[in-house]
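Below: one structure, written as structure tokens.
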Amino acid sequence: MDTLVPAFVTFGGVHFPLEASSISVGLTGDIEELGALRYTVDQLVNGDAGTMSLDELSRHGFIMPELWALPIIPARPISELADGPINWFRLSGYWPDTSDAFQVAAGFLPRYLVIPRTAFLELTVCLRSFRAAILSGRREGRVNDTPVPPLPPLTPELEEHERLRAQSFKDAQAYREKLYERRQ
């Protein structure tokens, strides 16, 4: 068994890059679409919410000022999920099933993320396990040197969304809503 933390873990087809220290493990901050998830997972693994049960997390989500991961209410219009679905599409290459997913956001970051429930819970369990192994001395508090696979290439739709996002939030939002309508 490798005593180092892996450089990444894969859930839901997404490669989540990791960082580790002698007391913590979490996501690295290099991918903008993962920003809100990075801070949320940090609280659920290394922070005060590290003892929250998976059952409670699955049913009620996690919320604190400026940071949340909440189960999506089935009747919620996809337009209310901001850029969360398109950000998952960017990371994974497929649209999330919003009937069984979480919306993750940080009020201090511009991007939201909609992540499938199983990927979110599996990621949390995995990182809690790595942290416990670090704290018990079974793993070192550093990651191995395996390269993290790159993100899928941008599709023409994603390229257009990013172009509009750089110019006008309102135009990007209108474009995104049209994309969401087409996929339903």
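Residues in segment 16-36: is at least one among the polar types (S, T, N, Q) and either part of a helix (DSSP H, G or I) or surrounded by 19 or more Cβ atoms within 10 Å (Cβ to Cβ) (or both)? Steps first, please.
Taking segment 16-36 as the starting set, the residues that turn out to be among the polar types (S, T, N, Q) are 21-22, 24, 28.
Now narrow it down to the ones that are either part of a helix (DSSP H, G or I) or surrounded by 19 or more Cβ atoms within 10 Å (Cβ to Cβ) (or both): none.
No - not one qualifying residue is present in segment 16-36.
Residues that are of a type in the set (Lys, Arg) and either at pLDDT 95 or above or assigned to a helix (DSSP H, G or I) (or both) are absent from segment 61-80 altogether.
Checking each residue in segment 37-60 for being in a helix (DSSP H, G or I), over 26 Å from Ile86 (Cβ atoms) and either hydroxyl-bearing (Ser, Thr, Tyr) or assigned by TED's automatic domain parsing to the domain that holds Arg165 (or both) picks out only Thr51.
The values are calculated or read from the model by the stated rules, or taken from the named source; none is laboratory data. Computed from a predicted structure; not experimentally measured. In this analysis, Cβ positions are derived from the backbone assuming ideal geometry, glycine residues included, and neighbour counts consider all displayed protein chains.
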